[in-house]
1. For the pairs Lys110/Lys165; Lys110/Lys240; Lys165/Lys266, note any where the Cα-Cα span goes beyond 23 Å.
2. Of the peptides 423-435, 134-146, 339-351, 306-318, how do they stack up when ordered by the mean number of other Cβ atoms within 10 Å, highest first?
3. Of all the C-alpha pairs in segment 349-452, what % are more than 18 Å from each other?
4. Given charges of +1 on the Cβ of Lys and Arg and -1 on the Cβ of Asp and Glu, with all other atoms neutral, how large is the dipole of the chain about its Cα centre, in debye to the nearest 20?
5. What does the convex hull of the Cα atoms come to per residue for the chain, in Å³?
6. Post the alpha-carbon centroid distance, segment 62-79 to segment 384-414, in whole angstrom.
7. Amide H to amide H, which residues 5 or more places from Ala92 or on other chains are under 5 Å from it, using H placed in the peptide plane?
8. With a cut-off of 8 Å between alpha carbons and a minimum separation of six or more residues, what is the relative contact order of segment 7-412 in percent?
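Any read-out appearing in this document is the output of simple, stated calculations on the displayed coordinates, not a laboratory observation. Please read all numbers here as calculations on a predicted model, not as lab measurements. For neighbour counting, all protein chains shown are included, and Cβ atoms are generated from backbone atoms with ideal geometry for every residue, glycine included.
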Amino acid sequence: MCVALRKKERKELCLRDRCRVVPLVVVSLLGCWNAAMPDGAEGANPTSRKPNVVFLLVDDLGWADVGCYGADLHDTPNIDRLAAGGMRFTDAYAAAPVCSPTRASILTGKSPARLHMTIWRESAKNRVFNRKLLPPDTVADLPHREVTIAEALQPAGYVSAHVGKWHLGGFTHYPQTMGFPIAIGGTGWGAPQTFWWPYSGRGRFGNEFRYVPHLEWGEPGEYLTDRLTTEAIDVIERLKDRPFFLYMCWHTVHTPIEGKPELVEKYRRRLKPGLHHQNIEYAAMVESLDQNVGRILAKLDELGLADHTVVFLTSDNGGYINRFRNRPVTSNAPLRSGKGSLYEGGVRVPLIVRWPKHVPAGSVCRTPVISNDFYPTILELAGAACDHQRNAALDGRSLLPLLKDPQFDLDRDTLYWHYPHYYPTTSPVSAIRKGDWKLLHYYEDDHLELYN
């Protein structure tokens, strides 16, 4: 256990995470897994097996936060290189303007409204608002009856690993109960107490003790984004000879906004009036993210897996434009508003997909897509069957035809959002995008807004 924790906190840590022994044991036994792999998972020749899937999910990354989407302060050469080698989507959307609902939609292929998960789990119950409308009851934990991507990929011979933020349920709903035999760092909390080891402390809300499990052993100066990437690289090393699904969920660039001092100083020297982005701590976090994307891409190259791995990179909602420590976190300009809102800045997100020899390098797709679409897309490219009895009523469409031809007609012209909650940037609202038109319905005063 982490020696930097006080005795009382060490005891509380052990009591609060009764399930943590399971993933620790599983991870420690990775080297003995050959006999336990699903049928068809073996095979050292990467060209003769199904493609690996690496899904890079960033927390709160805004549409305009990376270079290839127009960032005017942040350096993101590795993400830009990923886009140059694959397809960049201009009109990709999160299924919700906040984290947990979008994450649930990614893993199930269903809209948050269908799942009754329209708000992050800490706010799903016992939240009292002094507002005109009462928010509806929502589901706090992703139900076990849902078939996740990881569970659907198992019969096709895939081994699935989750690294990083989970935020889809308490300890009985942690990722190892949802089809991920490898689960590192995931809890029900939405953010770490700090990005510096030991990543623990009393929370800003409710004075709860927060920590990131499985990472107790470290050293001063260790940065959470780096450490999670190191864990993910270790997983790739161990699974390199079998088809795998890596669900890499960084906590960055969510609050607390804490950048590495040397990068903060770099952006302090670069900052000037007139830029959309003005937060040097946030800029440092974005560059650290980019460096770690580069580490994963380099490992795939080193192992000879790059040509046989589909890499997705996206965000769970729009950039956070509210103030943290007395300064706005980011800007989504030219898009309006940010996280928590159904205006474009709250739900339009970066999306890059690279699959060498399958996805045209340097291509751009302008078709509107949404995070519900990842589930059927990944199942189709992996050759996995969808269990229509257990997982009926998928809302997503496979993007595989678009990945091969960005001009393909997806035969869908309407996207839907439902966010019946309060947030600093919104009141309860639903929205529809049909073609180039977007309609928002605000429930407090029953007014409509139409844009094109």
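1. Long pairs (Cα-Cα over 23 Å): Lys110/Lys240; Lys165/Lys266.
2. 339-351, 306-318, 423-435, 134-146
3. Roughly 60 percent, once rounded to a whole number.
4. Around 1000 debye, computed over the chain.
5. Working: hull volume 64.9 nm³, N = 452.
So the per-residue Cα hull volume is 144 Å³.
6. The two parts, judged by their Cα centres, are 28 Å apart.
7. Amide H neighbours of Ala92, under 5 Å, 5+ apart: Val349, Val369.
8. Relative contact order here is 29 percent.
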